[in-house]
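> Can you read through this structure? Questions will come right after.
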Amino acid sequence: PCEPGYFQPNPGQGHCLEAEPGNFVEGTGSADQSPCPPGTFSNESGASDNSVCTPVQPGNYSGAGSSEPLPCLPGTYQPEPGQEYCLEADPGHFVPNSSSVTQSACLLGTFQNESGMDACKNAHLGNYSDSLGSSVQTPCAENKTTVNPGASSRESCVSSPGGYASEDGGYVPCEPGYFQPNPGQGHCLE
């Protein structure tokens, strides 16, 4: 019979096969190997029991029969050891690097409306984001806009100056032949 750590799935063979990394064979005369449980790994060959199956570290994961830990990818994280999956970053949060154990909140002036992302978005022109970990941006009041993307407060919303018209959340200069004497207007005058 095949000894512990060895197996043979096929009849009539002249030798036994060594348990592969990520697997073990406990008894004698085994026809198959047993995988290390999800959340663990083993890079040893010929293991005769599951004591070689080591829990993966935080920031990593593994499926059944893994020979090495797998890093959580950007946009995902894992704070606990011995896990078989990574967690997606929540909306309003991001994970920029591999093997992360935490997610980070979006900073003021940024937002993230999707989960599992590796970066936050700047608040668009005509919007602002005034809280940490925001999953939405807030539009400025009518006929007001922001000068640059990434505005972090309502006070960043200003009326378009004279000579400009509000358009697509920003403001644009009046074209030749047009003018606008008043601030905060949505169009230029001929």
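The values are calculated or read from the model by the stated rules, or taken from the named source; none is laboratory data. Since the structure is predicted, the reported quantities are computational estimates derived from the model, not experimental observations. Counting neighbours? That spans all protein chains shown, and the Cβs are built from the backbone with ideal geometry, glycine included. These area figures cover heavy atoms from the full protein model, side chains too; ligands, DNA and RNA do not enter into them. Shrake-Rupley method; radii C 1.70, N 1.55, O 1.52, S 1.80 Å.
> Before we move on, is ALA119 in a loop (DSSP other than H, G, I, E, B), touching a Lys or Arg at 6+ places or on another chain (Cβ under 9 Å) and small (Gly, Ala, Ser)?
On the way: in a loop (DSSP other than H, G, I, E, B): yes; touching a Lys or Arg at 6+ places or on another chain (Cβ under 9 Å): no; small (Gly, Ala, Ser): yes.
Judged against the criteria, ALA119 is not a match.
> Another one. So if I check each of SER131, SER98, which one is at pLDDT 95 or above, in contact with a strand residue (DSSP E or B) (Cβ under 8 Å, 6 or more places away or on another chain) and either more than 30 Å from GLY46 (Cβ to Cβ) or not in a loop (DSSP other than H, G, I, E, B) (or both)? I'd like the intermediate steps shown before the answer.
Values: SER131 fails: in contact with a strand residue (DSSP E or B) (Cβ under 8 Å, 6 or more places away or on another chain).
None of the other options fit; the residue is SER98.
> If you check GLU68, GLU44, GLU3, which single one turns out to be out of contact with any strand residue (DSSP E or B) (no Cβ under 7 Å at 6 or more places or on another chain), in contact (Cβ under 8 Å) with a residue 24 or more places away in the chain and assigned to a loop (DSSP other than H, G, I, E, B)? Let's see the steps before the verdict.
Numbers: GLU68 fails: out of contact with any strand residue (DSSP E or B) (no Cβ under 7 Å at 6 or more places or on another chain); GLU44 fails: in contact (Cβ under 8 Å) with a residue 24 or more places away in the chain.
Answer to the selection: GLU3.
> Another question about this same structure. I'm checking my understanding of the structure. Among residues of the stretch 166-183 that are part of a strand (DSSP E or B) and either within 14 Å of VAL147 (Cβ to Cβ) or of a type outside the set (A, V, I, L, M, F, W, C) (or both), which one is modelled with the lowest pLDDT?
This residue is GLY170.
> In addition: Looking at (1) over 27 Å from GLY22 (Cα atoms); (2) open to solvent by 60 Å² or more (accessible area, probe 1.4 Å); (3) of a type in the set (Val, Ile, Thr), which one does THR54 not meet, given that it meets all the others?
With respect to (1) over 27 Å from GLY22 (Cα atoms); (2) open to solvent by 60 Å² or more (accessible area, probe 1.4 Å); (3) of a type in the set (Val, Ile, Thr), THR54 is out only on (1).
> Residues to consider are GLU44, GLU84; find the one that is charged (D, E, K, R), out of contact with any helix residue (DSSP H, G or I) (no Cβ under 7 Å at 6 or more places or on another chain) and open to solvent by 50 Å² or more (accessible area, probe 1.4 Å).
GLU84
> Is it fair to say LEU108 is open to solvent by 50 Å² or more (accessible area, probe 1.4 Å) and touching a Ser or Thr at 6+ places or on another chain (Cβ under 8 Å)? Before you say what the answer is, go through the steps one by one.
Details: open to solvent by 50 Å² or more (accessible area, probe 1.4 Å): yes; touching a Ser or Thr at 6+ places or on another chain (Cβ under 8 Å): yes.
In short, yes.
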